[in-house]
Amino acid sequence: RDKIFSVGTSKDIEEIISSIWNELDILGVSFIRCGVFIINEAHEKINTYLSAPDGKALAAFELAYDTNDIAKNVVSHWKKNKIYQTSWSKREFLAFMADLIDKGLLKDPASYQGSEHPPEHLYLNFAPFEQGMIYVGNIEAFTADELDLVQSIANAFSIAYARYEDFNQLEKAKKSAEDSLMELKATQAQLIQSEKMASLGE
């Protein structure tokens with residue numbers, strides 16, 4: 001809670017994301033990879049950030065709404081504010097990774113895989129929050145209680161991300177005001193210089 005209410009920069013958000021993985025571990029939710037999917041409706045894009053349980057980044061990439069079935073289903077369930085669950089075999093996991101590589105979205109397949117060998121089976125669980133979905137993947141299916149815990153974390157993350165967005169908007173407005181002030185000062189300086197030259201001419 002303390003971290004959520006002190007969010008103000010992108011670095012704070014990174015720390016919050018690390019906290020999510022720590023919270024899952026503390027709550028006893030077993031997982032091998034997690035992620036945050038931030039949905040940008042204006043551009044119909046999904047900004048995806050994946051991490052291992054130790055907080056080490058696995059991949060970060062952007063998906064268009066229609067990139068693949070995962071993207072389509074994530075957006076569809078998010079719009080309905082519903083949990084989305086699916087599962088992959090090892091072959092499907094590798095096919096998804098190959099598709100990301102083909103599209104130029106993934107540069108380091110070894111990092112994305114997260115281990116020496118890909119998982120034999122992966123259960124993907126997505127919990128919605130206002131700005132996107134929290135993703136948690138594991139080699140075993142989640143119980144209803146585990147899904148409830150993931151949803152609670154997603155709800156808390158939503159507060160943190162909303163504060164981050166508010167801070168960003170404030171910073172943009174501040175920069176815009178500063179730029180306008182600089183332009184005004186430059187214009188005033190030009191006017192004063194013009195008046196001086198006119199006086200000299202007279």
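The values are calculated or read from the model by the stated rules, or taken from the named source; none is laboratory data. Source: prediction; values computed, not measured. Backbone-built Cβ (ideal geometry, glycine too); neighbour counts: all protein chains shown. Just so you know, the surface numbers come from the protein's heavy atoms only, side chains and all, with ligands and any DNA or RNA stripped out. Shrake-Rupley method; radii C 1.70, N 1.55, O 1.52, S 1.80 Å.
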Unmet criterion (only one of (1) in contact (Cβ under 8 Å) with a residue 24 or more places away in the chain; (2) open to solvent by less than 60 Å² (accessible area, probe 1.4 Å)) for LEU94
(2)
Being open to solvent by 30 Å² or more (accessible area, probe 1.4 Å), on the phi < 0 side of the Ramachandran plot and part of a loop (DSSP other than H, G, I, E, B) narrows SER115, SER111, SER176 down to just SER115
Quick one: which of ILE83, ILE70, ILE101 is in contact with a strand residue (DSSP E or B) (Cβ under 9 Å, 6 or more places away or on another chain) and open to solvent by 40 Å² or more (accessible area, probe 1.4 Å)?
ILE83
For segment 120-148, name all the residues that are in contact with a helix residue (DSSP H, G or I) (Cβ under 6 Å, 6 or more places away or on another chain) and farther than 22 Å from ILE39 by Cα.
GLU120, LEU122
Hey, any hits in segment 50-64 for a residue that's surrounded by fewer than 19 Cβ atoms within 10 Å (Cβ to Cβ), at pLDDT below 95 and over 23 Å from ILE20 (Cα atoms)?
yes
Pick out the one residue from GLU140, GLU130, GLU202 that is open to solvent by 90 Å² or more (accessible area, probe 1.4 Å) and touching a residue at least 40 places away in the same chain (Cβ under 8 Å).
GLU140
Would you check which residues across segment 79-92 are part of a helix (DSSP H, G or I) and within 21 Å of the chain's Cα centre (by Cα) and list them?
LYS79
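Just to be sure, is SER19 in a helix (DSSP H, G or I), in contact with a Lys or Arg (Cβ under 9 Å, 6 or more places away or on another chain) and at pLDDT 80 or above?
In short, no.
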Can you list residue pairs whose Cβ atoms sit under 8 Å apart, with the first residue in segment 34-45 being surrounded by fewer than 16 Cβ atoms within 10 Å (Cβ to Cβ) and in a strand (DSSP E or B) and the second being aliphatic (A, V, I, L, M) and at pLDDT 90 or above? Count only pairs 6 or more apart in sequence or on different chains.
ASN40/ILE46
